[in-house]
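Pasting a structure here, questions to come.
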Amino acid sequence: MLGKALTQACCIGALAVAIGAVHAAMSPVQLQVAPQPEPTLPVKQPAPPQGPLGTPAPVPVPAPQPALEPVAGGMVSIEQIRAMQDAEPVQFVDARNASEFAKGHLPAAVLLSPDMFAAGLPEAAMTLDRGFPVVVYCTGGQCDSSKLVAIRLQQIGFSRLYIYEGGFDAWKAAGMRIDVPAGAAR
Amino acid sequence: MKLTTGVPLILRLVLGGLLVLSGSMKLGVYKHLGITALAMDPLDFAFALGGFKLGLPEMLTQVLTYAVPWGELLCGLLLVAGLWTRGAAIGVIVLMLAFAAGIASLMVRGIDVNCPCFGKLKLFCGDRPLGWCHLIRNTGFALMGVAIVVMGPGMAAVDLMLGRRAAPGSARRPGEPTL
């Protein structure tokens, strides 16, 4: 009796794997964020220093700046985010859940957790400007929701998407500004 | 309704129904149908699989993203119909043990993964990350599967009808397991 049941179970398993493989081949899920354009990093032109009585001072040779290498797969660091902010407005998307968002988030961040996409395009996504870079983050470390939200945003036409892998925890630890809604416990 | 035939029927319908719901949600059926409360996308389950940090190759993740919900769906439908009942119940036990092992490994490694198990319904364990509650829930499902294996399909099962047809005039009592 048990032998027959085990055979049936194996058949069911094999059938599920076969159907799953065909289904995956027909409509594979997008597991990675597609390659993004490199973050726009501004080239600062320092104002020409003035010598006494308006005479131009000798121009100092600028010290070589460390290059801000873009991280593969659309990942950006705090330094890259700051450099991007110097060039143009950067929009933050918080991919954590609502309760975490309510305790504090990156400046002017929009809450867009993965489950908000279940019913289609969330209203919050419509407040984002596709012309400016969007940086998505979650808690940091091992969380994956920022990548999931970035893929979702990519599917609805956003093209300048970056993921801040350090997330909220690293941002806060670095002493960067965070917005804490009134009434939230600090 | 006799206890020995009624209980397996109830177990089959409850466990099978939950599996059909869970599998079809993971496959994105309700998203296509526009049923918001049950809407879910295969991408959500793919990311939950990735959240286990098992280092699976992308191709295997792709196949598992669909094979697991198809497995749930097949087992669920077979349980509800009472066809290949014991085999389907063993399939459920294997699935639940695999889930339990994955959840236990997450707990040991201290990784928080959100459960896409029943989409927005968040049945039984609410919004919390995978942990003790899910472990206990899956163990409960596995025990239901064990009970079905032990007790057989019970009443109103296709297995029963097939058994009767295969052995006309046999002295089998109604509801007696046929496997």
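The values are calculated or read from the model by the stated rules, or taken from the named source; none is laboratory data. Since this is a predicted model, take the numbers as computed values, not measurements. Note: ideal-geometry Cβ built from the backbone for every residue, glycine included; neighbour counts use all protein chains shown. Heads up: the accessible areas ignore ligands, DNA and RNA and are worked out on the full protein's heavy atoms, side chains in. Shrake-Rupley method; radii C 1.70, N 1.55, O 1.52, S 1.80 Å.
Among the residues of segment A:124-176, which ones are open to solvent by 30 Å² or more (accessible area, probe 1.4 Å), under 14 Å from A:Leu112 (Cα atoms) and either within 11 Å of another protein chain (Cβ to nearest Cβ) or polar (S, T, N, Q) (or both)?
The answer is A:Thr127, A:Thr139, A:Asp144, A:Lys147, A:Gln154.
Among the listed residues B:Val14, B:Val20, which satisfies the condition of being of a type in the set (Val, Ile, Thr), open to solvent by 60 Å² or more (accessible area, probe 1.4 Å) and touching a residue at least 60 places away in the same chain (Cβ under 8 Å)?
Step by step, each of B:Val14, B:Val20 is checked, and only B:Val14 is of a type in the set (Val, Ile, Thr), open to solvent by 60 Å² or more (accessible area, probe 1.4 Å) and touching a residue at least 60 places away in the same chain (Cβ under 8 Å).
Determine, yes or no, whether B:Glu58 is surrounded by fewer than 19 Cβ atoms within 10 Å (Cβ to Cβ) and on the phi < 0 side of the Ramachandran plot.
yes
I need the full set of residues from segment B:107-140 which are hydrophobic (A, V, I, L, M, F, W, C) and surrounded by 21 or more Cβ atoms within 10 Å (Cβ to Cβ), in order please.
Of everything in segment B:107-140, those that are hydrophobic (A, V, I, L, M, F, W, C) and surrounded by 21 or more Cβ atoms within 10 Å (Cβ to Cβ) turn out to be B:Val113, B:Cys115, B:Cys117, B:Leu130.
Let me ask you something else. Which numbered condition in (1) assigned to a helix (DSSP H, G or I); (2) out of contact with any Cys (no Cβ under 7 Å at 6 or more places or on another chain); (3) not aliphatic (A, V, I, L, M) is the only one that A:Ser146 fails?
(2)
Of the conditions (1) part of a loop (DSSP other than H, G, I, E, B); (2) without any contact (Cβ under 8 Å) to a residue 12 or more places away in the chain, A:Ser99 clears all except one; give me its number.
For A:Ser99, the exception is condition (1).
Report, ordered by the first and then the second residue, all pairs with beta carbons closer than 6 Å, sequence separation of six or more or different chains, a first member in segment A:13-34 that is free of Cβ contacts under 8 Å to residues at least 24 places away in the same chain, and a second member that is of a type in the set (Ser, Thr, Tyr) and outside any loop (DSSP other than H, G, I, E, B).
A:Gly20/B:Tyr66; A:His23/B:Tyr66; A:Ala24/B:Tyr66; A:Val29/B:Thr65
Based on this model, can you work out whether A:Val29 counts as modelled with pLDDT under 90, under 30 Å from B:Leu56 (Cα atoms), part of a loop (DSSP other than H, G, I, E, B) and of a type in the set (Val, Ile, Thr)?
In short, yes.
Hey, any hits in segment B:53-64 for a residue that's closer than 19 Å to B:Ala147 by Cβ and modelled with pLDDT of 85 or more?
Looking through segment B:53-64, none of the residues is closer than 19 Å to B:Ala147 by Cβ and modelled with pLDDT of 85 or more.
Any residue at all in segment A:101-118 that's out of contact with any Asp or Glu (no Cβ under 9 Å at 6 or more places or on another chain), modelled with pLDDT under 90, closer than 22 Å to A:Phe132 by Cα and crowded, with 21+ Cβ neighbours inside 10 Å?
For segment A:101-118, residues out of contact with any Asp or Glu (no Cβ under 9 Å at 6 or more places or on another chain), modelled with pLDDT under 90, closer than 22 Å to A:Phe132 by Cα and crowded, with 21+ Cβ neighbours inside 10 Å: absent.
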